Amino acid sequence: MLEETQTVLRDTLEMMMAVDSENYEGFLKLVAAQPIEEQGEP
């Protein structure tokens, strides 16, 4: 199941970009703005 996660996420983001590019861009800005510590990384 985890093996497919990256592919599913990529497909979901591509679909989001095609259907709702405004929210897609906002999502990218939100994710990029978080320090690594807040993203669950050690």
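What follows is calculated from the coordinates using simple rules that are stated; it is not laboratory data. Computed from a predicted model, the values in this text were never measured in an experiment. Positions of Cβ are generated from backbone atoms using ideal geometry, with glycine treated the same way; all protein chains shown enter the neighbour counts.
Excluding ALA18 itself, calculate the net charge of residues whose Cβ lies under 14 Å from the Cβ of ALA18, where each Lys or Arg counts +1 and each Asp or Glu counts -1.
Net local charge, ALA18 excluded: -4.
Would you mind calculating the gained length between ASN23 and GLU4 on full extension (0.36 nm times residue separation, minus the Cα-Cα distance), in nm to one decimal?
Residue separation times 0.36 nm, minus the Cα-Cα distance, leaves 4.4 nm.
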